[in-house]
Every structure is written in C-alpha cells, then in structure tokens.
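Below: the structure, in structure tokens.
The values are calculated or read from the model by the stated rules, or taken from the named source; none is laboratory data. Predicted model, so just to flag it, every value in this text is computed and none were measured. Please note: Cβ atoms are built from the backbone with ideal geometry, for glycine as well, and neighbour counts cover all protein chains shown. Quick note on the areas: whole protein, heavy atoms, side chains included, nothing else; ligands and nucleic acids left out. Shrake-Rupley method; radii C 1.70, N 1.55, O 1.52, S 1.80 Å.
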2 protein chains.
Amino acid sequence: MANTPYKIYLTEDEMPKNWYNLKAVMKELPTPFINPATLKPCTAEELDQVFCNDLVEQELNTTDKYIKIPEEIRAFYKMYRPSPLVRAYCLEKQLDTPAEIYYKFEGSNTSGSHKLNSAAAQVYYAKKQGLTSLTTETGAGQWGTALAMACAYYNINLSVYMVKVSAEQKPYRKAVIETYGGKVIPSPSNTTEVGRKILAENPGTGGSLGCAISEAMEVAMKTDNCRYVLGSVLDHVLLHQSIIGEETRIACEKYDIKPDIIIGCAGGGSNFGGLIAPFMGDKIHGQNNIQFIAVEPVSCPSLTRGKYAFDFGDTGQTTPLMKMYTLGAGFMPSPNHAGGLRYHGMSPIVSKLYDDGYLEACSVEQLKVFEAATMFARCEGTLPAPESAHALKTAIDEALKCKETGEKKTIVFGLTGTGYFDLTAYMSYNDATMTDYIPTNEDLEKGFATLPNIKL
Amino acid sequence: MANTPYKIYLTEDEMPKNWYNLKAVMKELPTPFINPATLKPCTAEELDQVFCNDLVEQELNTTDKYIKIPEEIRAFYKMYRPSPLVRAYCLEKQLDTPAEIYYKFEGSNTSGSHKLNSAAAQVYYAKKQGLTSLTTETGAGQWGTALAMACAYYNINLSVYMVKVSAEQKPYRKAVIETYGGKVIPSPSNTTEVGRKILAENPGTGGSLGCAISEAMEVAMKTDNCRYVLGSVLDHVLLHQSIIGEETRIACEKYDIKPDIIIGCAGGGSNFGGLIAPFMGDKIHGQNNIQFIAVEPVSCPSLTRGKYAFDFGDTGQTTPLMKMYTLGAGFMPSPNHAGGLRYHGMSPIVSKLYDDGYLEACSVEQLKVFEAATMFARCEGTLPAPESAHALKTAIDEALKCKETGEKKTIVFGLTGTGYFDLTAYMSYNDATMTDYIPTNEDLEKGFATLPNIKL
C-alpha cells in the first residue's frame with residue numbers, strides 16, 4: 001500500500017460506466033413492496049402512478065448486476081465527479097494510529113453531499129418521460145438542494161417539502177434551493193390534507209422526513225404530469241448511489257488498497273448502501289471478508305433498536321409497505337442536528353443484509369460526533385456535515401482500537417458531505433448548549449405502536 | 001484542443017514545486033514600500049517588526065523567478081489541492097458560443113476560496129519563527145476562515161478583525177472561524193485606539209478592509225510574539241497565489257490549451273496576480289500575446305477610476321506607503337456584497353503592470369454579476385462567490401463577443417470561491433431588493449482627498 005497520494009481522482013476514462021445492482025447478487029432478496037390495500041406485492045403499474053417508469057423498472061430489477069448509466073447522466077456526473085478518495089494522513093498522525101484511514105468525500109458539489117448522484121439520475125428519467133414537475137421532501141436540505149440543482153439543469157419545476165425543524169435551523173438552505181429555482185414549503189404545512197391532519201394532532205411538531213414524504217406524495221398524486229422523487233431508502237436510489245462504491249472500488253484497485261473495514265452513516269441507507277455495494281457483492285460471494293459498519297444517531301436508532309417489520313415509508317401511511325428495520329412511521333425523532341439521519345426506517349436492502357448478518361450497526365451520540373467533527377476539521381481541513389461525522393466518529397473509534405492492538409487495518413469511511421449549512425449546529429456545540437437525545441423505551445414503544453398490524 | 005476532460009486534476013507529481021515570482025521577470029519593478037516617517041524605502045528590519053522574517057524576505061525578493069515551496073507547505077497543499085481546471089461545457093452550450101471557456105476553481109476547500117494558499121504559507125513561516133499568535137483582517141470572511149484553518153493546523157492563536165458589514169451579512173462565517181478556534185472581532189471595534197478613533201468619526205460605519213487592517217496591525221505591534229498577516233495586496237501574497245497560475249499553466253500545457261484571454265476578479269489583486277503570474281511572465285518576454293483582464297465592482301473601482309499614487313494600505317494610515325492604484329485609504333466603499341473586493345487600493349505589482357499596459361481592467365455592476373452567477377449555478381452546478389462572479393460575468397461577456405464575431409477564443413477565468421456563506425446576498429438578489437452602488441465623482445473626490453501629500 002505504501003505511499004498512496006493524499007487524494008485519488010479517477011480520470012474520466014476510469015469513471016464507472018455502470019451502476020452496481022446489489023439485489024442481483026444477494027443470495028436472498030428483500031421482501032418486495034406490499035400494496036396495503038391488497039396485501040400483495042405492488043405491480044409496476046401501481047408504482048408507475050407515483051414514480052417515473054424507468055425508476056420503477058430499476059426498483060424492481062433483481063437480475064442485472066450492472067445497469068448502464070445513460071450517457072446524459074454520465075455527462076452530468078462529469079460536472080462534479082469523480083469525488084476524491086482521500087488518504088487522511090493528518091488524522092492518522094493526530095490519532096497516532098497504525099491504521100490507514102481513507103475517506104470517500106462527496107461534499108465537493110454545491111448540494112454539499114452525495115445526494116446529487118441520485119438527483120441527476122431521477123430528474124433525467126423524469127425529463128425523458130415528459131414530466132413537467134416534481135415534488136420531494138428534504139430533511140437536512142441536502143436532497144432538496146441536489147434536486148433543485150438537477151431540476152435547474154433539466155428545466156423542471158420543483159416543490160420541496162422541507163422538515164420544519166431543518167428549515168428553521170438552516171435558513172440558507174432555503175435560499176440556495178430558491179437560487180436554483182426550487183420552491184420550499186416547511187413541513188408539516190397546511191397545503192396538503194395529510195399536513196393539516198398532522199398539524200391538528202401535533203400542533204407544535206418540528207416535523208419529520210415521514211411527514212414531509214406524505215405531503216410531497218399527496219401533491220404528486222394530485223398534479224398532472226408530476227411525480228414524487230425520494231432521496232433515499234428505495235432500491236433505485238441505492239442503485240444510483242453505487243457510483244460512490246464503484247469509484248471507491250476502482251480507486252482502491254488502482255492503488256492496491258485493501259479495505260478491512262468500510263463505514264458509512266445510515267439514515268435511509270442510500271449513501272451506506274451505495275458505498276458498500278460492490279464490496280458487499282464480493283463479500284456475499286466469499287471474495288473478501290470486509291467488516292461493514294452502518295452508523296446511526298442514538299436519537300434515531302432504526303437498526304440498533306428498531307424492529308424488522310412491515311411498515312409504511314411515511315407518517316401519513318400512504319406508501320406501499322416495506323419490510324425494513326423501523327422505529328414505526330409514527331416515531332417522532334428528537335430535533336438532533338443530523339437532519340439527514342432522522343428517518344424512522346432503513347433501506348430494505350440494507351435491512352435485509354443486516355438481518356442476514358452481512359453487516360454491523362452501531363449508534364453514536366451527538367456530542368461525541370461534533371467532538372470528532374471539530375477535531376477532523378482542524379487537522380484535515382474539511383468541515384464535515386453532522387450526518388457524515390457519524391461515520392467519521394466510528395472510523396476514529398476503530399482507528400483507536402488499532403492503536404491499542406497494534407493492528408494496521410485499512411479503514412474506509414464515507415464523508416458524505418460538508419457542514420457549511422449546519423453552522424447553527426456547530427454554534428450550539430461551540431457554545432456548549434448542544435445536548436444529547438436518547439429515546440427512552442417508552443418513546444420507542446410509542447413508535448412501535450404505529451406499526452401496521454399486518455400478517456402475510 | 002479538441003475534447004478536454006470536464007475537469008483537469010494534476011497528479012501529485014505534476015503539482016508545482018515552486019512559486020512564481022513575477023517581480024524577477026518584470027522589466028520595470030514596482031516602487032518599493034516607503035517609510036512615511038523617513039520617506040525612504042522600508043528596510044527589512046523595519047518590516048520585520050510587523051511581518052514574519054521569511055515573508056519580508058519574499059516581499060523584497062526581486063531576483064529569483066522561482067521560489068521553492070517548503071516541503072511542509074506542499075504537504076498542506078496536498079490536503080486540498082490541486083484545484084481543478086474545469087472546462088465549462090454547459091456554460092458554452094448555454095451561451096451558444098464558439099469560445100472555449102475554462103475556469104480554475106479554488107472553492108473546494110472549507111475556506112471556500114483561494115485564500116488558503118497564502119494562509120498555509122504564512123502560518124507555516126510564523127510557526128517556524130516561533131510566534132505564538134497572529135492577527136489579521138477579513139472582509140468577505142474567506143481570508144479569516146482560511147487563516148483559522150491554517151492556525152488550527154499549526155496550533156497558533158488567531159484574532160480576526162472582520163469588517164462589520166460582512167460580519168452582519170455573514171453570521172455563519174463567524175461560526176466557522178470559531179469552529180477552527182479563531183477569535184472574531186467586528187471592525188471597527190473599541191478594542192484598539194484606531195478603532196475607537198474611526199468609530200468616533202463615523203459612528204454608523206459598516207467598516208472597511210482598510211479599518212480592519214489598522215486595528216489588526218495595532219494589536220500585532222502591541223503584543224509579544226505576535227505578527228500581523230495580510231491576505232492580499234502584498235507581493236508575498238501574490239507569490240503564494242502563483243500556485244494557481246502555475247497549476248493552470250501545467251494543466252494547459254498537458255492538454256495543449258492556449259489561452260487567448262485570462263480573467264480574474266481583483267480586490268487587493270492577489271488572486272488575479274497569482275492566476276496570471278507565469279502567463280504574464282511569458283507575455284513580458286514576448287512569448288505570448290494573452291489579453292489579461294482584471295475585473296472590479298463599479299462600487300470600488302480602484303483600477304478603472306482610481307489614481308496611481310503613493311498611499312497607505314489602511315484607513316488609519318499606519319502602514320508603509322505603497323505606490324498603487326487607489327481610491328484613497330479614506331474611501332468608504334458602499335456595502336456591496338462582494339466584501340472581498342471592497343478595498344481602496346490594488347496590489348503594487350498589478351498596479352505597475354496595469355500602468356505599463358500589460359493588462360486591462362473593467363468594472364461590472366452588482367446586479368449583472370448576480371444574474372451571471374445565478375445562470376452559472378443553474379447550468380454548471382457550482383454556486384459562485386460574489387467576488388468570483390465578477391470574473392465570470394466578464395468571461396461571459398467575452399464569450400458572447402466571440403459569438404458575434406465567430407471567433408473561437410480560449411477564455412480562462414478564475415473562479416476563486418463558492419457563495420455558500422453569501423446566501424444573504426443571493427436572497428436579496430432573488431427577492432429583488434438588491435441595488436447597485438456607483439460612486440459619484442464627489443464620492444471619489446472625498447477618497448482622493450485622503451491621499452497623503454507626498455513628494456518623492
């Protein structure tokens with residue numbers, strides 16, 4: 001391994017030409033979406049009413065390991081990709097660890113995160129289908145920004161339902177989405193039936209991704225030539241995010257880097273699923289023994305404290321049912337600053353792999369996350385997004401274990417984005433007003449009580 | 001030229017090992033600094049009291065065309081460099097121009113701009129000299145952030161005098177500087193004699209770089225083991241920023257790109273001077289005929305409406321005298337959003353080259369700058385800093401001229417940074433409350449009246 005460069009950039013020729021479809025290599029597939037009305041698997045026709053046709057086709061594809069990235073999307077990717085695989089030399093030195101630490105940095109585009117990888121694809125397919133407008137939700141604001149960027153590029157109208165607490169914590173997120181021409185509505189709002197219902201039941205709520213999804217879906221269903229797009233959780237989003245894993249794999253092969261541990265933060269699971277995809281495919285077939293760790297906040301612990309059950313994707317209980325690790329669609333996460341990780345459920349693919357023992361999960365506390373983030377910023381330069389800093393925190397923990405044992409492990413983690421729009425969070429850490437939120441068992445039981453009572 | 005990649009990244013081996021010292025190749029040198037007390041050129045000993053010794057040596061070096069970048073600074077550079085030279089394919093398409101447009105993008109680090117190039121160097125030399133603290137000024141906040149990052153890396157205390165209007169427009173800038181451990185004081189402040197004097201005379205002033213410099217210098221002079229560092233204007237800052245030009249030159253040679261026009265925004269002149277350095281050196285010696293354009297805001301037009309005269313670098317009239325294009329140290333620029341361009345003077349090197357006819361200058365209006373910035377963001381993805389968008393606006397104008405004439409010129413401009421901390425400005429553009437500020441001749445006369453009455 002020796003002296004890898006500080007930053008590995010693939011050339012355009014080396015950039016992946018395909019997405020990696022994990023479902024085509026899994027030994028057992030995740031349970032398909034269930035239509036809550038019929039309790040049968042959703043058909044493509046049913047899904048086409050909510051999502052773009054090409055995305056539904058990708059969502060249901062369980063056979064093609066590689067799915068070709070259309071030339072137009074590759075052109076968009078070239079505008080802001082490849083993202084660098086960075087050797088964290090300064091962090092290694094700071095920790096005095098024998099471990100080698102690498103991070104795949106997705107924050108170098110204006111959306112500030114990996115979310116643009118799927119936005120670029122989804123809006124392309126929407127345009128191809130002749131749609132004129134899209135709706136979506138956003139938590140931290142990264143997905144909303146990414147989608148606004150893609151919609152500006154393809155000239156499509158966009159309405160973004162933004163989790164209210166995030167909209168308040170991040171006023172400039174709204175401004176940047178609007179600069180790209182997107183319309184921002186804090187959620188829950190009174191612009192939808194489901195929003196009015198949620199507001200009536202919880203007048204003071206700061207909202208959640210689950211609520212925002214319900215609102216955005218309602219509007220998409222009621223508007224001509226409009227569809228809903230989602231930034232995480234779904235299989236086609238993980239598929240698009242596999243560009244992260246594919247680039248990482250190619251960079252690792254180029255410099256003979258052999259990861260022992262791959263770590264990602266996990267909210268809906270798209271970044272984590274995308275980062276690990278090709279490595280996990282190899283592991284499933286016995287070609288490596290990499291340890292995969294999904295990191296979530298203690299405040300929203302779907303993998304580590306949730307149930308593997310059928311649940312709705314949204315608080316309004318309007319989506320198809322998905323079998324996933326979940327805290328219940330009615331779980332209201334506390335206003336932790338990692339807005340992108342405040343989702344009650346987890347990608348069905350990641351959930352299945354976790355249940356089958358292919359990956360591990362852990363949860364970390366907000367204050368320790370910001371301590372790690374600040375340390376990283378000061379020694380490596382880059383200010384991480386709170387979400388990304390969850391993976392960072394766990395990478396540091398693993399590197400410190402290596403220091404104790406003397407093991408020279410190779411650790412790769414996903415640094416999914418930058419914290420430039422999260423300064424309110426950093427301010428509350430700096431002035432010591434930040435606290436931790438750990439749900440009690442009673443809090444969790446309230447969420448579980450909202451799980452649908454379904455026998456299949 | 002044909003099909004250059006979207007983004008050109010140099011490999012570590014290709015990265016410059018030297019800075020390019022323009023003064024060593026200029027046919028006539030800029031007039032040296034003058035001590036206002038003796039009216040004789042400043043000696044190294046005099047300058048050493050304010051600046052680090054090594055920086056003074058670089059400031060006065062007129063003989064070495066290449067100055068070696070110390071290994072430690074090269075290691076720092078590798079953390080966030082090389083910066084990409086980007087082919088603006090989407091902008092070309094949007095403008096329907098035969099011109100080829102490239103931009104050197106310096107915004108991929110957390111400081112959000114090129115400023116880190118000199119911060120990394122200056123703090124290294126301060127550490128080497130055994131200093132324990134530094135003071136500086138910041139306008140847009142980019143220099144302050146860059147310096148805070150470098151000070152965190154080298155473990156040196158930092159006080160940042162931030163132009164008050166910028167501090168108010170950009171609350172999160174303060175937060176990010178503090179996250180890196182820097183102390184922020186809005187200027188003018190009552191922490192210094194000069195600050196109290198300025199406040200007494202102009203109680204409502206939003207401040208200026210000139211004021212902030214005076215305050216930071218006063219503190220540095222009065223504090224043990226402390227020096228003042230400056231983010232622009234001075235020759236050694238241009239020297240450090242020549243890393244931009246050197247990388248651009250190497251990337252152009254690698255892909256046989258032959259610029260016809262090179263454009264940069266110019267506040268103090270460091271980015272512009274650094275970008276053009278090696279190309280200008282060749283032009284001076286007849287090896288190319290590139291058109292160089294420095295772009296400034298109409299609200300602070302030092303090159304286009306200023307005088308070439310001896311002036312102080314700061315409002316408090318405490319610096320050595322520099323011969324430069326200036327609006328007078330007492331000129332109070334209107335609160336235009338491009339904080340980094342609100343300086344009364346211009347780098348003595350850039351001023352001399354301009355006076356000798358080697359480069360052109362133009363000024364652009366704020367509203368047109370934001371129109372260009374928004375268009376660029378929507379088609380190229382990246383949200384530019386208001387400062388950088390001045391160069392962008394002029395690049396677009398030149399590309400549109402090519403469209404009229406059918407000329408296939410190669411245009412390179414410096415995109416010095418991102419606008420992530422300038423969303424207040426974008427908000428005022430979006431909601432149409434932004435206005436233009438064009439100083440009247442009377443405004444200018446007031447500034448000129450503060451020029452020192454010195455005969456040499």
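Quick rundown of the values:
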quantity	calculated
Helical mean residue ellipticity (222 nm; -39500 (n - 2.57) per DSSP H run of 4+; nearest 500) of chain B	-12500 deg cm²/dmol
Positive dipole terminus of segment A:190-335, leading residue within A:Gly207, A:Gln287, A:Ile276 (C-beta point charges)	A:Gly207
Under 20 Å from the Cα of B:Lys222 - lysines, other chains or at least 8 residues apart	B:Lys127, B:Lys183, B:Lys197
Largest-first ordering by accessible area, 1.4 Å probe, given options B:Asp224, B:Asp397, A:Asp314	B:Asp224, B:Asp397, A:Asp314
Other protein chain Cβ atoms within 10 Å, averaged over every residue that makes up B:76-89	3
Solvent-accessible area lost in complex, 50 Å² minimum, residues of segment A:100-120 relative to chain alone, 1.4 Å	A:Thr110
Placed amide H near A:Val364: partners under 5 Å, 5+ positions off or other chain	A:Glu296, A:Val298
Relative contact order %, chain B, counting alpha carbon pairs below 8 Å whose residues are six or more apart	19 percent
Percent antiparallel among DSSP beta bridges (both partners in the protein assembly as shown, rounded to 5)	35 percent
Residue mean of other protein chain beta carbons inside 10 Å, A:417-425	4
Exposure rank, largest accessible area first [A:Glu59, B:Glu365; 1.4 Å]	B:Glu365, A:Glu59
Accessible solvent surface per residue of segment B:332-380, calculated while the other protein chains remain in place, 1.4 angstrom probe, Å²	28 Å²
With all protein chains modelled, accessible area of A:Cys379 [1.4 Å, Å²]	10 Å²
Taking N as its residue count, the alpha carbon Rg of segment B:267-383 over 2.2 N^0.38 Å	1.15
Relative contact order (%) - criterion: Cα under 8 Å, at least six apart; region: segment A:1-159	22 percent
Simple spin-label estimate for A:Thr31 and B:Ala75 in nanometres, 7 Å along Cα-Cβ	5.5 nm
Other protein chain Cβ atoms within 10 Å, averaged over every residue that makes up A:370-381	4
A:Leu39-A:Ala200 FRET efficiency (beta carbon distance; Förster radius 41 Å; 0.05 resolution)	0.90
Highest average packing first - B:259-269, A:429-439, Cβ atoms within 10 Å	B:259-269, A:429-439
Under Karplus coefficients 6.51, -1.76 and 1.60, residue-wise ³J(HN,Hα) of segment B:243-253 in Hz, glycine/proline x	4, 5, x, 5, 4, 5, 4, 5, 5, 5, 5
Lys, Arg +1 and Asp, Glu -1 on Cβ, resulting dipole of the protein assembly as shown about Cα centre, debye, nearest 20	200 debye
Dipole in debye (nearest 20) - segment A:89-181, about Cα centre, beta carbon charges: Lys, Arg +1; Asp, Glu -1	360 debye
Within chain B: Cβ-based charge dipole about Cα centre, in debye rounded to nearest 20 (Lys, Arg +1; Asp, Glu -1)	340 debye
Probe 1.4 Å, all protein chains present, accessible-area order of A:Leu39, B:Leu456, largest first	B:Leu456, A:Leu39
Cα→Cβ-extended label distance, 7 Å offset, between A:Lys403 and A:Asn61, nm	4.5 nm
Centre separation in Å (Cα based) which lies between segment B:179-238 and segment A:416-435	27 Å
Accessible area (Å², 1.4 Å probe, nearest 10) - B:Lys23	20 Å²
Other-copy label distances relative to B:Asp436, 7 angstrom Cα-Cβ extension, nm	5.7
For segment B:1-68 versus segment B:362-390, the gap between their alpha-carbon centres in whole angstrom	29 Å
Under the Karplus curve 6.51 cos²θ - 1.76 cosθ + 1.60, θ = phi - 60°, whole-Hz ³J(HN,Hα) for segment A:121-138, x wherever Gly or Pro sits	6, 5, 6, 4, 5, 5, 4, 4, 7, x, 6, 10, 8, 9, 10, 7, 10, 8
Exposure of A:Leu131 as accessible area (Å², to 10), given a probe of 1.4 Å and all protein chains	10 Å²
In Hz, Karplus ³J(HN,Hα) per residue of segment A:34-48 (6.51, -1.76, 1.60; θ = phi - 60°; x = Gly, Pro)	10, 6, x, 7, 9, 6, 10, x, 5, 8, 4, 4, 4, 5, 4
Distance in nm between pseudo-label sites at B:Lys307 and B:Ala432 (7 Å out along the Cβ direction from Cα)	4.2 nm
